[in-house]
Structure formats: structure tokens, C-alpha cells
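**Student:** This structure is in C-alpha cells; I'll ask about it shortly.
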Amino acid sequence: MRFGFDAVLRMAAHLERTGKGFALVSNIDFLVAPLGEIRWTRENAPHFVELLNDFYNVSGFAAFFERHIAYFEEHTARFIAEVYGDVNHEWFRQHGLNPNNMRVIISPGCSFRGYAAWIFGDTPEDTIVYAAIPGTENYSRLFTLVIHEYVHAFADPIAEIWYAENETFRAWSNASVDLARMPFYPTGQIMANEYVTRAFTVLYMAENTRANPVLLLLNEKSNGFPYIFEVYAMVTGDTPIDLSGDVISLIFADADFLIDETEHSISLGEQVVTWRFLRLQEYVLDINALSFSEVGNVFDTSLGDILIVRIDDMEFLYIDIGSGVDVGWSAQFRQYNVFPLGFAR
């Protein structure tokens, strides 16, 4: 029996404060919904709450929490200023979510991941949606993560229908399961949920920010979702974006750019890595829409720098998206969004 990943948030979302402890809310249908493995059930969930209440009272957790209220108030204020005020909650109404019932949990226990949970109401309008995100010193980097977790609430039901009824979509989802790289997405259905959620998240970004959907889709493709362009086409009702031409021109379609003639290089063992800087002309790249693929300290870059990197006979686009400190590395390391410039399958 496993209680990792989003199982913890599912439980937390279904608890309400009562007297000297907690109790489950009346509707726990989402809490006990199966995910292909045994997790919370209608039998073990109440028993866990009994144990939780015992720990809560014996440990004096209420007093501990009270001593740290200032910490949560500070993080809440920064999150609202840096992220929450920029979310277009009304966009979600067309997909059945009530903007008044969309909430965020800031949790130091989330590490570098986010999670989604919801409590079913009597009607879809009454459903309460939660996005859980980690505490950080730079909440602006988590804007897309918040959107992603909100989207799960309406995208997962769509993915379940597509996975059951669309043979091609089901084959894409099953083929994308990679337990070594993404053990947190262990089944075809969970991959299906991620595919549809990521496609709708890109759609939100395309419709509400200056983010280029091609760049975001390439980001997801490099993250282990090889059919994301096809799934995005299912979401939008359009034909898949053609990647057979100049990928760099697709990414920066609205910008003029120059590629430096100066080539830099470094030897890493028997491997030689070369790179050149790509300079954008009067174009602001939305760094906060990108997630990190690698952390390194080879290229001596700054936030927003773009590189064309050659490793053996493959070319990659590297975008510096911030300090490695934000993801647990020391200050001399940088985060990079990386994807290959050739996508032959």
C-alpha cells in the first residue's frame, strides 16, 4: 500500500477542523478514487485520521503551528503579489470550475513538485479545487505550476474518457510510460491525465500570456511527452504544428534573432561540447513559463541567456531560467530548459 505523491494532499484536502482534532468531510469520493493501486479506502482513511489526531494532540502541534504563523503569512503575501493576482480565474469557468472555489496550499513538504486535489460538491459549481505548491523564495517561477494543478480538475475527467474510447490516444499514453525517468506516472491512465493537463495548460498560457505555445510544447516533449503536439491538437481542434522546418524560427516566430559567430567549447572527458549564444532583438522571453530540464555550471550564463549547444552530432537549445539555488543546488549552478533541435521519431 502506497501513500506517496498526491495521496498526502488528497487526505489533507478532505480534513476539516473539529474541536481538538480533525474529521473527514462528508464527501470523500475523490479521496478514495482508485488510481490503479490501493491507496486511501473508506476503511483505512478514518483509521488514519484517528492516528493523526493522536499525533496532533500528543505532539502539541497546534502550539508549534502558532509559533510559525508569521512564516506562513509572509509566504502567503509574497505568493499573492507574485502569482495569484495574475491568474485569470475566469478562464476556468468555461471548463466547469467555479473561480470562487479555487484555492492554493503553500506547503514546505511539497519539495519541488506540485499536486492537485478536489472535493466534489453537490454540483460542479460546488466542487472545491486545490493546487498545492512548495514554499520558495521566488514564487513567480511557480505560475505555470499553479495553472497546471488547477487544470487537472477538469482535464483528468476528459483524459479518462479519451483513454477509454480513443485507441490512438490510449496507445500514445501507454507508450509514454517511463518508470525509470518518471516513476510518479506509472500507468497509461496517469500518463493520459498528464498529457491532457499539460496540453490545456499550454492553451491557458497561449491565451492569457505572451508565451509561445511552440516553445512550451517543445518543453513538454523534452520532459518525456513525445505526443504532446498531437494531444494539443486534440484539445484545440487544430492540426498538429508542423516541426519539419526551422524549429528555432517556430519558437521565436515574433522575434528577430542573431546567432553569435563566436563559438565556445569545453572538453568533458572524451566529449567536446560547443555552443553559441542566440540573441533576441526586442523580444521578451517568458522565463516563468518554462520548467528546468538540467542543472549545470559549464556555460557561464545569466537569466534569459539562450544557447545553441552541440554535443556530438546533436544540437540542443539551452535557455537559462534561473539560479540552481531554487531547486536545491549551490549558487554557482544554473537551471536550464533544454530540448533537442531535431525530433525525428
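The values are calculated or read from the model by the stated rules, or taken from the named source; none is laboratory data. What you see is a predicted model, and the numbers here were worked out from it, not measured in a lab. We place every Cβ from the backbone using ideal geometry, glycine too, and count neighbours over all the protein chains shown.
**Student:** Could you check how many residues of the stretch 302-345 are under 17 Å from Leu243 (Cβ atoms) and in a loop (DSSP other than H, G, I, E, B)?
**Tutor:** Counting residues in the stretch 302-345 that are under 17 Å from Leu243 (Cβ atoms) and in a loop (DSSP other than H, G, I, E, B) gives 5.
So that you can scan it fast, the table gives a plain yes or no per residue for (1) among the hydroxyl-bearing types (Ser, Thr, Tyr); (2) touching a Leu at 6+ places or on another chain (Cβ under 6 Å); (3) more than 25 Å from Asp86 (Cα to Cα); (4) at pLDDT below 85:
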{"site": "Glu261", "(1), (2), (3), (4)": "no, no, yes, no"}
{"site": "Thr274", "(1), (2), (3), (4)": "yes, no, yes, no"}
{"site": "Asp300", "(1), (2), (3), (4)": "no, no, yes, no"}
{"site": "Asp312", "(1), (2), (3), (4)": "no, no, yes, yes"}
{"site": "Phe316", "(1), (2), (3), (4)": "no, no, yes, no"}
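**Student:** Could you say which residue among Ile161, Ile147 is surrounded by fewer than 19 Cβ atoms within 10 Å (Cβ to Cβ), within 21 Å of Trp118 (Cα to Cα) and at pLDDT 90 or above?
**Tutor:** Ile161
**Student:** Let me ask another. Just for helices (runs of 4 or more DSSP H) wholly inside the stretch 192-287: which have at least 1 residues that are under 18 Å from the mean Cα position of the chain (by Cα), within 24 Å of Gln94 (Cβ to Cβ) and not acidic (Asp, Glu)?
**Tutor:** Those helices (runs of 4 or more DSSP H) span 213-222, 228-236.
**Student:** Also: Being on the phi < 0 side of the Ramachandran plot, surrounded by 20 or more Cβ atoms within 10 Å (Cβ to Cβ) and not assigned by TED's automatic domain parsing to the domain that holds Gly328 narrows it down to one of Asn223, Asn219, so name that one.
**Tutor:** Just one listed residue meets the conditions, Asn219.
**Student:** Okay, moving on. Mind listing whichever residues of the stretch 277-315 are within 26 Å of Ala199 (Cβ to Cβ) and of a type in the set (Phe, Trp, Tyr)?
**Tutor:** Of everything in the stretch 277-315, those that are within 26 Å of Ala199 (Cβ to Cβ) and of a type in the set (Phe, Trp, Tyr) turn out to be Tyr283, Phe292.
**Student:** Also, quick follow-up: Any residue at all in the stretch 299-316 that is touching a Pro at 6+ places or on another chain (Cβ under 9 Å) and surrounded by 15 or more Cβ atoms within 10 Å (Cβ to Cβ)?
**Tutor:** Scanning the stretch 299-316 turns up at least one residue that is touching a Pro at 6+ places or on another chain (Cβ under 9 Å) and surrounded by 15 or more Cβ atoms within 10 Å (Cβ to Cβ).
**Student:** Is it true that Arg181 is basic (Lys, Arg), part of a helix (DSSP H, G or I) and free of Cβ contacts under 8 Å to residues at least 60 places away in the same chain?
**Tutor:** When the stated conditions are applied, Arg181 does not pass them.
**Student:** Moving to a separate point now. Please give the number of the condition Glu282 fails out of (1) touching an Asp or Glu at 6+ places or on another chain (Cβ under 8 Å); (2) within 19 Å of Thr262 (Cα to Cα); (3) of a type outside the set (Phe, Trp, Tyr).
**Tutor:** Evaluating Glu282 over (1) touching an Asp or Glu at 6+ places or on another chain (Cβ under 8 Å); (2) within 19 Å of Thr262 (Cα to Cα); (3) of a type outside the set (Phe, Trp, Tyr) leaves (2) as the failure.
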